[in-house]
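Take a look at the structure below.
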Amino acid sequence: MVDITISGLSKSFGRVNVFDGLDLEVKDRTYVCLLGPSGCGKSTLMRIISGLDSADRGEIRFDGKNVDNLTCAQRDVGMAFQNYALYPHLTVEGNLRFPLQAPMQKGRWTQQEMRARIGEIADLLQITPLLHRTINQLSGGQQQRVSLGRSLIRHPKVLLLDEPVTHLDARLRYAMRSELKRIHNVMETTTIHVTHDQQEALAMADLLVIMREGRIDQAAPAMEVYGDPATSFVASFLGDPPRSLLEVELGETSGAPVARINGVELKLSGKLGAVANAAPGRNAILALPARAFTAAQADEPGAVLDGTVRAHEMIEGAQRIVLDVSGQKVNLHSSAIRHVVIGDRLRVFAEASDGMLFEGATGLRLSAN
Amino acid sequence: MTSVDFDAGAEATPRSSKVVLGFSDYARYLIAVVFVGFSLFPFYIVLSTSLKSESDIFAWPPVWLFDVTWDNYFSALFVFGGTGVLPFLINSLIITALSTLLAVGLGSMVAYGLTRFRVVGGSHIFFFILSTRFAPPVAFVVPIFLMIREAGLLDTHLALILIYTSMNLSLVVWIIRGFFEAIPIEIEEAAQIDGYSRLQIFRKVALPLVKPGLITTSILSAILSWNEFLIATVMTQNTAATLPVYLAGFSGSMGLEWGPFMAVGAMAVLPIMIFTLVLQRHLVRGLTFGAVR
């Protein structure tokens, strides 16, 4: 129930710069997902927002009010930890009651109100039958609910979730996704959810923040990030299988824009052509979705890329192949299954119309103007 | 609602209730029996002698079956030395209880501080704390005696309480440290988020989680304080003398009164045994198990 403004945030551990001058704006009641590979600084960012860690420079504002010098409790944040971090010496009810009994909350709630609140949260999370169990009598999914309940019981202004469903099995993880959204809709708490699972992030986020090496590559609604990535990293990070990045040189052949890769030319048509025309002769990165590639028969003419099979697997009736095309990784996804072994030579067609172009040096998206 | 439940019964496989013992099992039991017998035999002598009459005590060959008499306990408690064993028993109880309480209380705070806060030279401090136990106590007796005398604490409870506390502190710190290190830091961070201060976290989260450690160190500290003789005999004569000092006093110029001596010995074992048995029941292992995945 609060707007969060982060500006110029910097943090380093010793000589390692975690991030340098980070900015982020989160509107009230937004469900934010921080997505990025391990070590990108997403957990550190969340710990700084919570107040468990402090930044070296920059500031964090809740509703325009600087919270840098406030403790976690004064900031009124709730946090669910990756390993749940429940109090093992208390029952489920004891765990839920613990935040309400904090000395700084003394006198804020009567015993009756506490009971009412515990009942309400237990109902919401469907853990009422578990209230009198001890923590080690719970399954992982149940512990996760209790941990979530504990973070919500004070109705905090900001809810921080650090990889809350990572340890659950796939089926439960899927179920918890919609649960989390349902709870968010009821509680209307501004929520920041850290994850490295792109499906989870894409499915849940109102605002998807992609982090890499301490920088925010893109912060936008999930579908926008997916469909319109701002950098080549974002383009290659999302998608299952992820988009392939090819280093190309933009040019022109008899008036038509092309991308040259290993001496082969890919025609760039439509919008992509306009983008290429705006930056002729440039080194660029062409991001292509897996469906843009089709494997060619043995010596079928016209096939453009020549690669070696590095890995292959079957997923839900379709075949995925990872090709090494002179040092560049190409992901192939096809429902036409063919027999391959690692090390095989494979030629593929590439269809560039669904591609995106990024600047070679910076990885930033190229546009027509 | 989704939940994962294990069917505990499904995995149980039928097992024959007959356990077949092999030769090596017998050998192992034999070794165990011999060892236990060897350890407990002195205690048997103490107990049986304390229940024998004087003629039975000195009978040769030893009498295995004898008429039980409580005379030795009576004289130990009420007759022997005029005052009997009671004041010394009380001294021992006071000194053991307070020094154990202090050692475990202070020691757990030290261990917590050193594991949870960044302290300059933290690991060196741990080593330094243990190093106070490297030298044999007899090497310290004279300097400590001088300190205690200058402080005017000779023959006081306080003197022994302070000395025993400092002796047991290192033990407590070392053992409890491992227990604190095993607590996932996130549990305490969760309490921090919930609005608890460091001291409150220590009391309400950390201490309950290291309960097995607290119990273990309490038992060890109590046994060490209860049985300590060397320092007690140097620092105290009368008012604050503990049971071991009193026991040693039996071998006076008048010859040894074996019966009452053994009766006091048997009584000296009892309190610490009860203490250990009671506390041991609360030693729940693996309390933190399942809290964190």
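The values are calculated or read from the model by the stated rules, or taken from the named source; none is laboratory data. Fair warning: this is a prediction, and the values are worked out from it, not measured in the lab. All Cβ positions, glycine included, derive from the backbone under ideal geometry; neighbour counts span all protein chains shown.
Can you name the residue in region A:9-41 that is polar (S, T, N, Q) and not in a strand (DSSP E or B) and is also farthest from A:LEU161 (Cα to Cα) among such residues?
Filtering region A:9-41 for residues that are polar (S, T, N, Q) and not in a strand (DSSP E or B), the one farthest from A:LEU161 (Cα to Cα) comes out as A:SER38.
On the stretch given as region A:274-304, residues that are at pLDDT 85 or above and not hydrophobic (A, V, I, L, M, F, W, C) total 4.
Take the conditions within 19 Å of A:PRO257 (Cα to Cα), among the hydrophobic types (A, V, I, L, M, F, W, C) and more than 28 Å from the chain's Cα centre (by Cα) and apply them to A:PHE349. Does it pass? When the stated conditions are applied, A:PHE349 passes them.
Within region B:80-102, the presence of at least one residue that is out of contact with any strand residue (DSSP E or B) (no Cβ under 9 Å at 6 or more places or on another chain) and over 23 Å from B:LEU247 (Cα atoms) is confirmed. Residues of region B:176-190 that are within 14 Å of chain A (Cβ to nearest Cβ) and outside any loop (DSSP other than H, G, I, E, B): B:PHE179, B:ILE185, B:GLU186, B:ILE187, B:GLU188, B:GLU189, B:ALA190. Residues that are closer than 16 Å to A:GLU249 by Cα, in contact with a strand residue (DSSP E or B) (Cβ under 7 Å, 6 or more places away or on another chain) and hydrophobic (A, V, I, L, M, F, W, C) within region A:344-369 comprise A:ALA350, A:ALA352, A:MET356, A:LEU357, A:PHE358, A:LEU364, A:LEU366, listed in sequence order. Filtering region A:76-84 for residues that are over 30 Å from A:ARG133 (Cα atoms), within 22 Å of the chain's Cα centre (by Cα) and in contact (Cβ under 8 Å) with a residue 60 or more places away in the chain leaves an empty set. Cβ-Cβ contacts under 7 Å between residues 6 or more apart (or on different chains), taken from a first residue in region B:202-213 that is facing another protein chain (nearest Cβ under 8 Å) to a second residue that is among the charged types (D, E, K, R), are listed as B:VAL205/B:GLU188. The residue that is farthest from A:ARG154 (Cα to Cα), among those in region A:68-82 that are within 14 Å of chain B (Cβ to nearest Cβ) and in a loop (DSSP other than H, G, I, E, B), is A:GLN82. Residues satisfying the criterion are absent from region A:31-49 (criterion: within 21 Å of A:THR195 (Cβ to Cβ), modelled with pLDDT of 90 or more and more than 25 Å from the chain's Cα centre (by Cα)). The residue that is farthest from A:CYS72 (Cα to Cα), among those in region B:180-201 that are among the small types (Gly, Ala, Ser) and touching a residue at least 12 places away in the same chain (Cβ under 8 Å), is B:ALA182.
For every residue, the table says whether it meets (1) surrounded by fewer than 16 Cβ atoms within 10 Å (Cβ to Cβ); (2) on the phi < 0 side of the Ramachandran plot.
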{"site": "B:TYR26", "(1), (2)": "yes, yes"}
{"site": "B:SER48", "(1), (2)": "no, yes"}
{"site": "B:SER55", "(1), (2)": "yes, yes"}
{"site": "B:ASP67", "(1), (2)": "yes, yes"}
{"site": "B:ILE90", "(1), (2)": "yes, yes"}
{"site": "B:ILE94", "(1), (2)": "yes, yes"}
{"site": "B:TYR112", "(1), (2)": "no, yes"}
{"site": "B:GLY121", "(1), (2)": "yes, no"}
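Put simply, of B:LEU153, B:LEU158, B:LEU146 the only residue that is away from chain A (no Cβ under 14 Å) and touching a helix residue (DSSP H, G or I) at 6+ places or on another chain (Cβ under 7 Å) is B:LEU153. Among the residues of region A:323-335, those identified as in contact (Cβ under 8 Å) with a residue 24 or more places away in the chain and surrounded by 13 or more Cβ atoms within 10 Å (Cβ to Cβ) are A:LEU323, A:VAL325, A:GLN328, A:LYS329, A:VAL330, A:ASN331, A:LEU332, A:HIS333, A:SER334.
Residues satisfying the criterion are absent from region B:158-175 (criterion: outside any helix (DSSP H, G or I), surrounded by fewer than 20 Cβ atoms within 10 Å (Cβ to Cβ) and either hydrophobic (A, V, I, L, M, F, W, C) or touching a Leu at 6+ places or on another chain (Cβ under 6 Å) (or both)).
Across region A:338-361, the qualifying residues are those that are in contact (Cβ under 8 Å) with a residue 12 or more places away in the chain and loosely packed, with under 12 Cβ neighbours inside 10 Å, and the one among them that is nearest to A:ASP306 (Cα to Cα) is A:ARG345.
Being hydroxyl-bearing (Ser, Thr, Tyr), modelled with pLDDT of 90 or more and not in a loop (DSSP other than H, G, I, E, B) is the filter here, so list the residues in region B:217-252 that pass it. Correct list: B:THR217, B:SER218, B:SER221, B:SER225, B:THR233. Out of curiosity, is A:ARG75 under 26 Å from A:ASN185 (Cα atoms) and among the basic types (Lys, Arg)? Answer is yes for this residue. Only one of the numbered conditions (1) surrounded by 14 or more Cβ atoms within 10 Å (Cβ to Cβ); (2) not in a loop (DSSP other than H, G, I, E, B) is violated by B:LEU154, and that is (2). Here is a check on your reading of the model: is A:ASP53 more than 9 Å from chain B (Cβ to nearest Cβ), of a type outside the set (A, V, I, L, M) and touching a Lys or Arg at 6+ places or on another chain (Cβ under 7 Å)? Yes.
Only one of the listed residues (A:GLY107, A:GLY36, A:GLY14) is over 20 Å from B:ARG198 (Cα atoms) and either touching a residue at least 40 places away in the same chain (Cβ under 8 Å) or within 10 Å of chain B (Cβ to nearest Cβ) (or both). That residue is A:GLY36. Screening B:ALA135 against (1) surrounded by 12 or more Cβ atoms within 10 Å (Cβ to Cβ); (2) without any contact (Cβ under 8 Å) to a residue 40 or more places away in the chain; (3) small (Gly, Ala, Ser); (4) within 30 Å of B:LEU93 (Cβ to Cβ) leaves a single unmet condition, (1).
Here's the yes/no breakdown for (1) of a type in the set (A, V, I, L, M, F, W, C); (2) in contact with a Ser or Thr (Cβ under 9 Å, 6 or more places away or on another chain):
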residue	(1), (2)
A:LEU35	yes, yes
A:ARG57	no, yes
A:ASP76	no, no
A:TRP109	yes, no
A:MET114	yes, no
A:ASP123	no, no
A:ILE127	yes, no
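Selection of first residues in region A:153-181 that are at the interface with chain B (Cβ under 9 Å from one of its Cβ atoms) and under 27 Å from A:GLU113 (Cβ atoms) and of second residues that are part of a loop (DSSP other than H, G, I, E, B) and among the β-branched types (Val, Ile, Thr), restricted to Cβ pairs under 9 Å at least 6 apart or on distinct chains, gives the following pairs, ordered by first then second residue: A:PRO156/A:THR189; A:GLU179/B:THR2. For region A:266-277, does any single residue satisfy the condition of being in a loop (DSSP other than H, G, I, E, B) and within 30 Å of A:MET204 (Cα to Cα)? Checked region A:266-277: no residue is in a loop (DSSP other than H, G, I, E, B) and within 30 Å of A:MET204 (Cα to Cα). There is no residue in region A:128-137 that is touching a His at 6+ places or on another chain (Cβ under 8 Å), within 24 Å of A:VAL77 (Cα to Cα) and assigned by TED's automatic domain parsing to the domain that holds A:ALA85.
For region A:278-291, the criterion of a residue being over 17 Å from A:VAL325 (Cβ atoms), in contact (Cβ under 8 Å) with a residue 12 or more places away in the chain and buried (at least 19 other Cβ atoms within 10 Å of the Cβ) is satisfied by no position.
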